[in-house]
Ligand SMILES: Nc1ncnc2c1ncn2[C@@H]1O[C@H](COP(=O)(O)OP(=O)(O)O)[C@@H](O)[C@H]1O
Ligand SMILES: [Mg+2]
């Protein structure tokens, strides 16, 4: 059974997928058997033959050269670009936690280092119907994963990142580190990095600039975040 790490973010579009691609690539380039899994993806494009294309998973699969099949990368794919709970209310195919658990366990057994990407931020409703209420934080807690937070390097990130870390702590999800994305190295960003570490005690483990093709982080230190 391999180790795993959950990638969350301070919100949608902060760069979780972009950074995850670099993380998995870094591990694989160092010779580690690293894979990717996402429970639910919404906003999928439709191919000419009608199949839904899970953009996040396809991006990481390509950038990190995993060579995995779509079925093994994502459990639920929704076309509508809305939260999974709302997409599922419209399609009538809600997320079944036991299926996510089984798919996750299978992926974890196959790879030594499994990186699981979340949908949206840590409080993303995955399922909200008469049968069940399931929020992303419940899912991560039930799967027993530690988390790494991807946050934008710029203005507003202290609030968003500290709130995310405090919520993870409330849900007993270990926070392993923060990666600041779209880093330019300005004095304000340097202060954001310092303040996040000072206010939470959680280290900023890497900085990712626009268009970076490699993660500037030691592969062993990265691998040590997985549990
Ligand atoms: N460091 C970066 N350099 C270049 N493009 C980026 C970077 N970070 C994010 N992007 C782009 O911004 C968009 C949103 O990022 P994405 O990783 O999909 O966010 P999330 O997974 O958090 O929703 C995508 O088009 C992605 O390619
Ligand atoms: Mg994504």
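Values in this text are rule-based calculations from the coordinates and carry no lab data. All of these numbers come straight from a predicted model, not from anything done at the bench. A quick note on method: Cβ atoms are made from the backbone with ideal geometry, for glycine too, and the neighbour counts reach across all protein chains shown.
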Q.
Rg/Rh for the chain to two decimals, with Rh computed the Kirkwood way over all alpha-carbon pairs.
A. 0.95
Q. Which distance in nm do the two modelled labels at residue 130 and residue 159 give, with both placed 7 Å along the Cα-to-Cβ direction?
A. 4.0
(Q) For the chain, take the longest principal axis of its alpha carbons; what is the angle in degrees between that and the long axis of helix 16-29, to the nearest 10 within 0 to 90? (A) 80
Q) Arranged by the count of other C-beta atoms within 10 angstrom, fewest first, what order do 56, 191, 112 take? A) 191, 112, 56
(Q) Test of understanding: ordering 19, 82 by Cβ neighbours within 10 Å, fewest first, what list do you get? (A) 82, 19
Q: Find how much the distance from residue 188 to residue 109 grows on full extension, using 0.36 nm per residue of separation minus their present alpha carbon separation; answer in nm with one decimal.
A: 24.2 nm
Q. Starting at 0 and stepping by 10 Å, how many percent of the alpha carbon pairs of the stretch 92-162 end up in each bin?
A. 16, 43, 28, 12, 0
Q) Which order, highest average first, do 123-131, 174-182 follow once you tally other Cβ atoms within 10 Å for each residue and take the mean per peptide? A) 174-182, 123-131
**Q.** Cα centroid separation - the stretch 1-50 against the stretch 191-215, whole Å
**A.** 19
Q) To the nearest 10 degrees, how steeply does helix 97-110 sit against the main Cα axis of the chain, on a 0 to 90 scale? A) 60
Q: May I ask you to compute the full-extension gain from residue 98 to residue 171, defined as 0.36 nm times their residue separation minus their alpha-carbon distance, rounded to one decimal in nm?
A: 24.3 nm
Q: Based on other C-beta atoms within 10 Å, arrange 59, 85 from fewest to most.
A: 59, 85
Q. What is the helix-to-structure angle for 187-200, meaning the angle in degrees between its Cα long axis and the longest Cα principal axis of the chain, kept from 0 to 90 and rounded to the nearest 10?
A. 70
